[in-house]
């Protein structure tokens, strides 16, 4: 099964990053989003990020121009039907993802592989709502996609070996490393990372430390490149909460109960960097802790 054309649903931070690395690896990419503005912004972001790579000597100017030319956009979801591989990178809500796959199915080639970039939702359950559960799997990139080396490949209960191997070959062509994960809530990275972030929020909630002391402690005491609250802001507090809810609901263990303070921040619309306020306030020249 040779993959040449990639369809990407969602032009946000993950979608544009996936388009970027796929095009640099020589794939033809078709990117779609419900928002024309989002697609335009994604192309600007991709071009800017590629030019930075040129400036740092990571890629040549010729490679950058050729890769950028391989990316096309369309406002019509069903145009992706002719792709060899489709990667859904829409918002982390199961109903949205199901609706996307249901709209795509009548327009797919029989050989098209469907994948989701979900960070926590059951691949088996998503696959069961399609006409090809054997050709469906999780294809979870880390953020920011052009920088991070890991891709989690998650088999659903019905995913066949040919599909897994085809996706693994794509990861290898991207010069990234594939980690095979079983289809349990949040897979590997977020199963470990999100409870740590949630515990950091509990540490803040209970007054054990403030934002600055918690982040400094983990950076200087555990050699983490970013503190857990800083990282939560980077990921998006709404995404962190959604994943904790998936863990709590899916594993029925109270150790995964989302911290009430995390819920409070999300209710306030303080979602981190993308809204300019979270555990830090980003509206000034330097981020300022909000607690």
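Nothing in this text is a laboratory measurement; each read-out follows from the coordinates by a stated rule. Quick caveat: nothing in here was measured; it's all calculated off a predicted structure. Cβ atoms come from the backbone with ideal geometry, glycine included; neighbour counts cover every protein chain shown.
Could you tell me the relative contact order of the chain? Use alpha-carbon pairs under 8 Å, at least six residues apart, and round to a whole percent.
The normalised contact order for the chain reaches 13 percent.
Roughly speaking, what is the stretch gain from residue 91 to residue 222, that is 0.36 nm per residue apart minus the C-alpha to C-alpha distance, in nm to one decimal?
44.0 nm
Which percent, to the nearest 5, of DSSP beta bridges fully inside the chain are antiparallel?
Of those bridges, close to 25 percent are antiparallel.
Return the distance in nm (one decimal) between the two label points of a simple spin-label model at residue 268 and residue 202, each offset 7 Å from Cα along Cα→Cβ.
Taking the two extended label points, one gets 2.1 nm.
Going highest first, how would you order 272-278, 255-261 by mean Cβ packing within 10 Å?
On the way: 272-278: 20.0, 255-261: 16.0.
Output ranking for 272-278, 255-261: 272-278, 255-261.
Once you compute Rg and the Kirkwood Rh from C-alpha atoms, what is the Rg to Rh ratio for region 145-208?
Radius of gyration over Kirkwood radius for region 145-208 works out to 1.15.
With a 10 Å radius around each residue's Cβ, average the other Cβ atoms per peptide and rank 28-40, 48-60, highest first.
Working: 28-40: 17.9, 48-60: 13.4.
Descending packing order for the listed peptides: 28-40, 48-60.
Please work out the Kirkwood hydrodynamic radius for region 232-291, using every pair of different C-alpha atoms, and report it in angstroms with one decimal place.
Every distinct Cα pair counted, the radius reaches 11.9 Å.
Arrange the following residues from fewest to most other Cβ atoms within 10 Å of their Cβ: 280, 202.
The fewest-first ordering by Cβ neighbours comes to 202, 280.
Can you give me the relative contact order of region 78-232 as a percent, contacts being Cα pairs under 8 Å and 6 or more apart?
Working: 232 pairs, mean separation 24.3, N = 155.
About 16 percent, as a whole number.
With springs connecting C-alpha atoms under 10 Å apart, model the chain as a Gaussian network and identify which of 66, 222, 127 has the largest mean-square fluctuation.
Comparing 66, 222, 127 in a Gaussian network model of the chain, the most mobile one is 222.
Which shape class, rounded, prolate or oblate, goes with region 5-181 when its Cα gyration tensor gives a ≥ b ≥ c as root eigenvalues, a/c under 1.5 marks rounded, and past that a/b bigger than b/c marks prolate?
In terms of gyration-tensor shape, prolate.
Hey, for a label at residue 255 modelled as a point 7 Å past Cα toward Cβ, could you say which residues of region 230-247 have their backbone N under 20 Å away?
The answer is 241-247, whose backbone nitrogens lie closer than 20 Å to the label point.
If you average the alpha carbon positions of region 242-290 and of region 64-133, how far apart do those two centres end up, in angstrom?
Comparing the Cα centres of region 242-290 and region 64-133, I get a distance of 28 Å.
What value, in deg cm²/dmol to 500, does the helix sum -39500 (n - 2.57) over DSSP H runs of n ≥ 4 give at 222 nm once divided by the residues of the chain?
Dividing the helical sum by the residues of the chain leaves -14000 deg cm²/dmol.
Which residues in region 198-239 place their backbone N less than 19 Å from a point set 7 Å from the Cα of residue 177 along the Cα-to-Cβ direction?
In region 198-239, the label zone of residue 177 (backbone N under 19 Å from the point 7 Å along Cα→Cβ) covers 223-226.
Springs between alpha-carbon pairs under 10 angstrom, Gaussian network model over the chain: which of 195, 133, 106 fluctuates most?
106
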